[in-house]
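To start, the structure under review is shown below, and the notes come after it.
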Amino acid sequence: MSGFFLLWSHFFGMQGKELTQKLNEMMSSVNELNTFLSILSKRESSFYQNPNQIVHEEILVLEKRITENYRNSLEGVSSLISIVESHLISNPPQDNGTSTFLPSKEEVQSQLTNLFKGKIKTRQAPIPVNCGCYAYRVKTPNPGHFICVNVKKQFFLMIVYHYENEICRAYDPVDIDNGIKLIELTNDEWTPLPTIIPERPLARWEHSRASKVLALWPNGEDWTTAFYPAQVISRPCDQTDQEVEEKGRGYELDFGDETVFTVPEQFVVSLPESWK
């Protein structure tokens, strides 16, 4: 255990000494607790065979000491957690874009497969404010969320790696053969894809008819990772049961030149005013 203590003391600096002290105190409480429990078991067996006042009093004392050591052990664990959390808050992991925490190519491909082949989450009331067409209200995306990125008036699908201080670091999920390349985006350079839609189609949570949106383009059984401007012809709430069965739930979109596709809600995003 001494090697373990030295390692943690080095990692946590001055806090490492406190960590070592608290860990020693906790281990001492746990060891005493185990000892008292073992003695209690023997005393109880003795009492059942030959009940007497002396053994009964010993059992009461043991129960009190066990309660005290149990409480001390829990307080020790809480103290250790507080020290570690305090250290991590004061010394967050540094990442220069080459961190080993970057996802692997296989993990990224799995994310894409889940986006294109999986089903988006649905929600009954109460419905969150960022549901469906209101996905743009998400201002602090989580790692792994998909976003639409504006690159010189061209719009691409990317995945969030990290968001902090109004800077979104993201990467292109199809340009990873030579490793993931992170780019930094300001808040006006990205907009999020929906992560949740109403369980039943509801007009309130859908883009209105004739509104301008951005949507992925169907590519056979797959989808592109580029977004294209389109106009809403009809909404999911306008679909009949037969249309949903034939085409799937989604928006009927006009991409221009009489090109019309039905696109699932999770592939359609609001077109920010500054991008028009």
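Between 23, 182, 214, the residue with the greatest mean-square fluctuation in the GNM of the chain (Cα pairs under 10 Å linked by springs) is 23. Remark: 241, 172 ranked as 241, 172, counting other beta-carbon atoms within 10 Å and listing the fewest first.
What list do you get for 171, 70 if you sort them by fewest beta carbons within 10 Å?
Ranked by crowding around the Cβ, least crowded first: 70, 171.
Which net charge results when you count Lys and Arg as +1 and Asp and Glu as -1 among the other residues whose beta-carbon is under 13 Å from that of residue 166? Surrounding charge for residue 166 is -2. The ranking of 27, 158 by Cβ neighbour count inside 10 Å, starting from the fewest, reads 27, 158. If a spin label sat at a point 7 angstrom from the Cα of residue 78 along the line to its beta carbon, the backbone N atoms of region 20-48 nearer than 17 Å would be those of 22-23, 25-27, 29-30.
All of the numbers you see were taken from the coordinates with simple rules; none came from a lab. All values derive from a computational prediction rather than experimental measurement. So basically every Cβ, Gly included, is an ideal-geometry build from the backbone, and we count neighbours across all protein chains shown.
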